[in-house]
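J.: One structure is given below, represented as structure tokens, and several questions about it will come after.
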């Protein structure tokens, strides 16, 4: 999964930010969702709830949000990101 994220950094297929990820999920425009290991529990619950309604892959990484931010070449932590269809 990390290699796929590295490949998509900077592309329009990657959506960063919990609010934007949830918006894209609700509009059924997501193929995969990636969560950091320390993403807020409420966010995890909401995404898992929507996964039951909308079909997409969910990956919970073993890296924290700071490491996910570094992986995405951003100067801030990232709790969730999505890869669009």
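The values are calculated or read from the model by the stated rules, or taken from the named source; none is laboratory data. Bear in mind the structure is a predicted one, so any value in this text is a computation, not a measurement. So basically every Cβ, Gly included, is an ideal-geometry build from the backbone, and we count neighbours across all protein chains shown.
J.: I need every pair where a residue in region 3-27 that is closer than 14 Å to residue 85 by Cα has its Cβ under 7 Å from the Cβ of a residue that is assigned to a helix (DSSP H, G or I) and modelled with pLDDT under 90, sequence separation at least 6 or different chains.
T.: Filtered contacts from region 3-27: 14/8.
J.: In this structure, is residue 63 touching a strand residue (DSSP E or B) at 6+ places or on another chain (Cβ under 7 Å) and touching a residue at least 12 places away in the same chain (Cβ under 8 Å)?
T.: Taking the combined requirement at face value, the residue does not satisfy it.
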